[in-house]
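Enquirer: Handing you this structure, nothing more for now.
The values are calculated or read from the model by the stated rules, or taken from the named source; none is laboratory data. For clarity, every value in this text was computed on a predicted model and none was experimentally measured. A quick note on method: Cβ atoms are made from the backbone with ideal geometry, for glycine too, and the neighbour counts reach across all protein chains shown. Surface accessibility is based on the protein's heavy atoms, side chains included, excluding ligands, DNA and RNA. Shrake-Rupley method; radii C 1.70, N 1.55, O 1.52, S 1.80 Å.
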Amino acid sequence: MGTQKKGASRGSEDPVELARVPLQAILLADSFTTKFRPITLERPKVLLPLVNVPMINYTLAWLESAGVEEVFVFCCAHSIQVIDYLESSEWFSQPNFTVTTIESHNSVSAGDALRLIYERNVINGDFVLISGDTVSNMSLTQVLQEHKERRKKDSNAVMTVVIKRSKPSQITHQSRLGTDELFMAIDPNTKQLLYYEDKADHAKGYIYLDKLLLADNPSITLHNDKQDCYIDICSPEVLSLFTDNFDYQHLRRHFLKGLLVDDIMGYKIFTHEIHSSYAARIDNFRSYDTISKDIIQRWTYPLVPDVKFFGNSSIKLERQGMYRASEIGQSRSAQIGPFTVIGSGTKIGNTTKISNSVIGEGCSIGSNVSIEGSYIWDNVTIEDGCKLRHAIVCDGVIVKSGAVLEPGVVLSFKVVVGRQFIVPPYSKVSLLQQPTKQDSDEELEYADNSIGIAEISSITHTVDKLNGEITNQPFETQCWPTSELGTGGAGYVWSICEGGHDEEWRHSVAPIPADKLSEAIHAADDDLELTQDGRSLPPSGELKPDSNDSEYDDDGESRDDSIYFEKEVEATFLRAVHENITVDHVILEVNSLRLSYNKVAADCAGGLFYSLMKLALETPHDSASELVQAITNVLAKWKKLLKYYLAEIDEEIEVILKLEEICESTKEFAPVFDKILYQLYDLEVIQEEAILRWDDEKKDADESDKFFVKQAEKFIQWLREASEEEEEEEEEDEE
């Protein structure tokens, strides 16, 4: 029936009839990379749990909600696992949503995949191209309409790529997703993509643009603050272009860049920027961490833990971003901190502390265990006294008593860490020995050798025998040296290849370490000297000096980044509160966020002050005076943290402005603005000069903007009089 509809629709030129063509999508269930090794040697990336749900479910759920009716899932490495999972899931039985798998055992790139799909002749019109590790809640209506309108006017407009603003760190030259700084040149009028470079050499301090590009385009906007969402709207010609050119392997590095420099065929690529919607691809372990946090903090709504969609189980949202399944066993003395997810069937022992982490289903966590910023998958056993910080622990792992996982550790399936053993930072551990080659197609060999015995009993619920026992492999390991993971341990610690240390900390779930931050800051200082020579890369903006394109206003588009930043600062602060983390450690983490989001000290102060005020508001109180007392107590305790970011008077004024903003949005604070301002002064968080300068700056403001100044009028007058008295006394002393 579906095929007949498509055929009938294709024969009509009427726009209404054309609209009836079912929207199709190609979903690549293989990333054709090795960034998630050693995990992906045993399970395909799209089936890895993201906040306890296989990644592919987020992609499919979004495609269905966005109006896609037919999805072709291309399976390559571990294809049996992907196909078995989809066939046993609810995706194969949805009305008006068809999922079809296409299997290949020898494709080694996205180009190979698209060539094979072209041969199958299953795509009948414009289609969505996406990988199964993408999370989004955007609407496709506008971008599809833009693409179709362009195609009517210009048949060479074959692709529209979705982008989103994401300002990279000037220190690390990375986005918050751990991806390299991306440079794009876009025609601000037509939105045509003219230049794309994700591997710029920052040591040179410049990028090269062809003179013809500038000559042929009267106005170009050069950006380094855009994120490629890896969601593409494609015309059918895209598939034939891959077939015509076997050099096209990688979607961006080969195909997209190839079309941009091909001046013979004249094909064009356009961009569609989203603003309030969410879209991001899990490219590495850092983006896995970032997107997990975004899901927990509900940026991806409705694809969040407490809303039922395919692949997730019933879970309840509690205060401060805590999610707990109904059937868990938690000791009364155990502390579950903010932004944490606990899966069903998990048991947590006495005095254990868990914060900013995701715990899977069926886990057993002993007593006096500390878990911070980590991802614990299903059926994991963590014995008494263990400490885990910013680690990934796969299904079936056993961490024996007293063991420590340092930041950045990845433990693949069924690894055993011996008693009291300390796994060094950024270690990757697997029951499989490290391959001697690093080819991206090697996972095909691993998957092919385990055909028939790689079984998934139920990925969504419990995975006791994910791959069974892997046998008949050249890298088979029946015995493991205890020296690698301590007494009773089982697994191989993979070595980091030469030159790969930078990649480890850049792409890890762990925050950037202090020594690397220091090195990056020194490098940035050197770049500053280049800036003074006029040889550094320019900020994003028009290359045409007389352009007046308000759409690219930096202030307006920075709101999203600012909100993300404040959420991250709040999460860091709440973790410090619940786990008694030292101020120095909090400063280190906030500084890491500051660099990642390219923020200044005033932004840190504002985010921390907001977090302090929110904590005070959540403290039980029955009156305004009790609320003021709660604020005073919180400010007194965390004064050192806040003061660290208030080195200048301007930064103190920013805190007062933030207080105004908070009081405007929260009714409980508004009546006691003047009393809070006094406490900030009395505790020496802000100085008299900052308050008086704030008052002076408000003199020419609109009356509506003077509400809180008038409320604090008596206090400000008292300050001015006291200041005048001091000046008179000083004059008398001089006489």
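Enquirer: Give the stretch 107-153 a look and list any residue that's farther than 16 Å from residue 44 by Cβ, open to solvent by 40 Å² or more (accessible area, probe 1.4 Å) and in a loop (DSSP other than H, G, I, E, B), or say none.
Expert: The answer is 121, 124, 137, 139.
Enquirer: Which condition number does residue 701 fail, the rest of (1) in a loop (DSSP other than H, G, I, E, B); (2) surrounded by 14 or more Cβ atoms within 10 Å (Cβ to Cβ); (3) without any contact (Cβ under 8 Å) to a residue 24 or more places away in the chain being met?
Expert: That leaves (2) as the condition not met.
Enquirer: Kindly provide the set of residues from the stretch 663-679 that are under 33 Å from the mean Cα position of the chain (by Cα) and either among the acidic types (Asp, Glu) or open to solvent by less than 20 Å² (accessible area, probe 1.4 Å) (or both), ordered by number. Write out each step before concluding.
Expert: If we filter the stretch 663-679 for residues that are under 33 Å from the mean Cα position of the chain (by Cα), which is where we start, we get 663-667, 669.
Those that are under 33 Å from the mean Cα position of the chain (by Cα) and either among the acidic types (Asp, Glu) or open to solvent by less than 20 Å² (accessible area, probe 1.4 Å) (or both): 663, 664, 669.
Yes/no matrix, rows are residues, columns are (1) within 19 Å of residue 577 (Cα to Cα); (2) at pLDDT below 95:
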| residue | (1), (2) |
| --- | --- |
| 333 | yes, yes |
| 336 | yes, yes |
| 339 | yes, yes |
| 344 | no, yes |
| 354 | yes, yes |
| 361 | no, yes |
| 365 | no, no |
| 373 | yes, yes |
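Enquirer: Taking the conditions exactly as written (part of a loop (DSSP other than H, G, I, E, B), modelled with pLDDT of 90 or more, in the same structural domain as residue 151 (by TED's automatic domain parsing) and of a type in the set (Lys, Arg)), does residue 43 satisfy them or not? Can you show your working first?
Expert: Values: part of a loop (DSSP other than H, G, I, E, B): yes; modelled with pLDDT of 90 or more: yes; in the same structural domain as residue 151 (by TED's automatic domain parsing): yes; of a type in the set (Lys, Arg): yes.
Against the criterion (part of a loop (DSSP other than H, G, I, E, B), modelled with pLDDT of 90 or more, in the same structural domain as residue 151 (by TED's automatic domain parsing) and of a type in the set (Lys, Arg)), residue 43 qualifies.
Enquirer: Among the listed residues 626, 651, identify the single one that is over 25 Å from the mean Cα position of the chain (by Cα) and surrounded by 18 or more Cβ atoms within 10 Å (Cβ to Cβ). I'd like the intermediate steps shown before the answer.
Expert: Working: 626 fails: surrounded by 18 or more Cβ atoms within 10 Å (Cβ to Cβ).
Selected residue: 651, the only one of 626, 651 that is over 25 Å from the mean Cα position of the chain (by Cα) and surrounded by 18 or more Cβ atoms within 10 Å (Cβ to Cβ).
Enquirer: Of all residues in the stretch 374-395, which are among the small types (Gly, Ala, Ser) and surrounded by fewer than 23 Cβ atoms within 10 Å (Cβ to Cβ)? Show your work before the answer.
Expert: The first filter runs over the stretch 374-395 and keeps only residues among the small types (Gly, Ala, Ser), leaving 374, 385, 391.
385 - this is the single residue of the stretch 374-395 that is among the small types (Gly, Ala, Ser) and surrounded by fewer than 23 Cβ atoms within 10 Å (Cβ to Cβ).
Enquirer: Pull out all pairs, ordered by first then second residue, where Cβ-Cβ is under 7 Å, the residues are six or more apart or on different chains, the first lies in the stretch 56-69 and is part of a loop (DSSP other than H, G, I, E, B), and the second is open to solvent by 10 Å² or more (accessible area, probe 1.4 Å) and not hydroxyl-bearing (Ser, Thr, Tyr).
Expert: 67/23; 68/23; 69/22; 69/23; 69/96
Enquirer: Please go through (1) surrounded by fewer than 21 Cβ atoms within 10 Å (Cβ to Cβ); (2) modelled with pLDDT of 75 or more for residue 229 and return the number of the only condition it doesn't satisfy.
Expert: Looking at each condition in turn, residue 229 falls short on (1).
Enquirer: A further question on this structure: Exactly one condition in (1) within 30 Å of residue 510 (Cα to Cα); (2) assigned to a loop (DSSP other than H, G, I, E, B); (3) out of contact with any Phe, Trp or Tyr (no Cβ under 9 Å at 6 or more places or on another chain); (4) at pLDDT 85 or above is not met by residue 163; state its number.
Expert: All conditions pass for residue 163, except number (2).
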